[in-house]
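Down below is the structure, laid out as C-alpha cells.
The values are calculated or read from the model by the stated rules, or taken from the named source; none is laboratory data. Model, not experiment: these values are computed from the prediction. Because the Cβ atoms are built from the backbone with ideal geometry, glycine has one as well, and the counts that use them run over all protein chains shown.
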C-alpha cells in the first residue's frame, strides 16, 4: 500500500520499538505522508540540559542516524564528555554522547528563549533531512512518574539509573491534566487526508499512556474519522525490549495480546498481533490481524508497515468499531 499524494498516516509512538515501525511506515508511505506524535513524558532536565529521549530516538531513526546496536543515541558516537564528567565526579548514570550533546544544547537554548518544543523538532528534522512531521505530544511539560515499592521515581531514574528493578505499584503523569496537545497533532487526527492512525508497539503504560493522558488528544482520537490500528508489543508472552512484561506482571496483568486489547478498549478499531499469539485472536472482541511483528532488520519493518496499512485499509471499508471512553 502506498498512500495517494494527499493521504497521510498518523503514528503514536514512544522510543525504540515504536521508532522501528515509524521507519517502516516512513519508507513505505513516502517521506511526506507520515506524522508521528511522540511521547514526551520521558523528557527531563539533566546537567542543565533539556533531554527528550523518545523524540530524539524517532528523529535519529528516521534520519538514518540512530545507533543500531544500542537502539538509542547517534551512530558513530564518542564518549569523551562522559569520561571527563565522571573524572570530575559528575552524574554519569545517564549517558550523553558527544554528537548527541549538540541536540540537547540547542534544544535547551531554544526553550529558554520561550519557543515551543514542536518548533525545535520541526527545525531539527529539517536540518537532518527528515520530511515526516515529528510532533511532541504537547509543548507543555508532562512527566511520567513511577510509584514503586521504594517510593515515587521520575521515569528516567526508574528506567535508566535503577534499570527498572524496583517493583511498580502504579504510574501517573504529572502535569497531564493541565497540558494541551500540540495543535498540529489534533489537526492531523481530524484531517480528512489522514487515512489511518497507528498505535506503534511501544510500551502501552510508559510510552502510549502519557499521550492518551492528554484529554484533548484522547477526545480527538475517539472522534477521528480514520481507522485506528494498534500493534501489540507482546510476542509469545514477552516484550521484545524494555520492561513491558515486567510491569504488567507487577500490576497483576497477564502479558498477552488480549490484555493489550483490553488496555486500549474503546479506542481502536483493530489490533495486529504476532503469529506466535494467534490463539489470543478468538478472545479479542474486535478485528484482529495476525502477522510476524518481530522487527530485526529494515525489511521486517517495511513488511510490518505494509501489513498494518493493509489492515487499516480493510477496516476503512467495513463498519468501524464503536469507540467508547476508556474507564
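Cβ-Cβ distances below 6 Å connect the following pairs, each with a first residue in the stretch 271-288 that is surrounded by fewer than 16 Cβ atoms within 10 Å (Cβ to Cβ), a second residue that is assigned to a helix (DSSP H, G or I), and a separation of six or more residues or different chains: 283/258. Restricted to the stretch 314-324, and to residues there that are surrounded by fewer than 14 Cβ atoms within 10 Å (Cβ to Cβ) and either within 18 Å of residue 220 (Cβ to Cβ) or within 22 Å of the chain's Cα centre (by Cα) (or both), the residue that is modelled with the lowest pLDDT is 324.
Residues to consider are 15, 24, 30; find the one that is farther than 24 Å from residue 92 by Cβ and at pLDDT below 95.
Being farther than 24 Å from residue 92 by Cβ and at pLDDT below 95 holds for just one of 15, 24, 30, which is 30.
Take the conditions (1) in contact with a strand residue (DSSP E or B) (Cβ under 6 Å, 6 or more places away or on another chain); (2) part of a strand (DSSP E or B); (3) crowded, with 18+ Cβ neighbours inside 10 Å; residue 195 misses just one of them, which is (1). Looking at 29, 55, 34, 62, just one residue is in contact with a strand residue (DSSP E or B) (Cβ under 8 Å, 6 or more places away or on another chain), over 18 Å from residue 124 (Cβ atoms), touching a residue at least 60 places away in the same chain (Cβ under 8 Å) and surrounded by 14 or more Cβ atoms within 10 Å (Cβ to Cβ), and that residue is 29.
May I ask you to verify whether residue 291 is surrounded by 17 or more Cβ atoms within 10 Å (Cβ to Cβ), modelled with pLDDT of 95 or more, within 23 Å of residue 16 (Cβ to Cβ) and over 20 Å from the mean Cα position of the chain (by Cα)? Taking the combined requirement at face value, the residue satisfies it.
Scanning the stretch 163-180 turns up one or more residues that are closer than 26 Å to residue 32 by Cα and touching a residue at least 12 places away in the same chain (Cβ under 8 Å). A single entry from 267, 304 fulfils the requirement of being assigned to a loop (DSSP other than H, G, I, E, B), within 19 Å of the chain's Cα centre (by Cα) and under 25 Å from residue 225 (Cβ atoms): 267.
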